[in-house]
Amino acid sequence: MPHDTQSIDIRVQIEPSGAVSSATPVGDLNPAQKLLAPWAVQAARLWRFEPARRNGQPMASDYVLTFVFNRH
């Protein structure tokens, strides 16, 4: 990844409704990622998902999103 690009993995827990119930950074973050992580968490909390289903019924699930920040 280029020096002016940072990526951050955010694990989201998704409710059966498709809403994000929690979002947390994954792994050890370098200093730049620590500064950017709150922005990624805030963005992830705004997302809505089509919920996972088991036997046709919506269920909770989790997923890892990767946010890529580019310096311009």
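The values are calculated or read from the model by the stated rules, or taken from the named source; none is laboratory data. Because the structure is a prediction, the values reported are computed rather than measured. All Cβ positions, even for glycine, are placed from backbone atoms using ideal geometry, and neighbour counts span all protein chains on display.
Please go through (1) among the hydrophobic types (A, V, I, L, M, F, W, C); (2) in contact with a Pro (Cβ under 9 Å, 6 or more places away or on another chain); (3) at pLDDT below 95 for ALA32 and return the number of the only condition it doesn't satisfy.
(2)
Residues in region 29-52: is at least one in a strand (DSSP E or B) and without any contact (Cβ under 8 Å) to a residue 24 or more places away in the chain? Explain how you work it out, then say what you get.
The initial filter retains those residues of region 29-52 that are in a strand (DSSP E or B), namely 48, 52.
Retained after the next criterion (residues that are without any contact (Cβ under 8 Å) to a residue 24 or more places away in the chain): none.
The answer is no; no qualifying residue exists.
Scan region 17-64 residue by residue and report those that are closer than 20 Å to GLN6 by Cβ, small (Gly, Ala, Ser) and over 13 Å from the mean Cα position of the chain (by Cα).
ALA32
Condition first: among the charged types (D, E, K, R) and touching a residue at least 12 places away in the same chain (Cβ under 8 Å). Now tell me which residues in region 1-28 satisfy that. Reasoning before the result, please.
Looking only at region 1-28, we keep the residues that are among the charged types (D, E, K, R), and these are 4, 9, 11, 15, 28.
Residues satisfying the conditions are ASP4, ASP9, ARG11, GLU15.
Does region 2-57 hold any residues that are at positive phi and either surrounded by 12 or more Cβ atoms within 10 Å (Cβ to Cβ) or not small (Gly, Ala, Ser) (or both), and which are they?
So the first thing to find is which residues in region 2-57 are at positive phi, and the list is 18, 27, 55-56.
Within region 2-57, GLY18, ASN55 meet the criteria.
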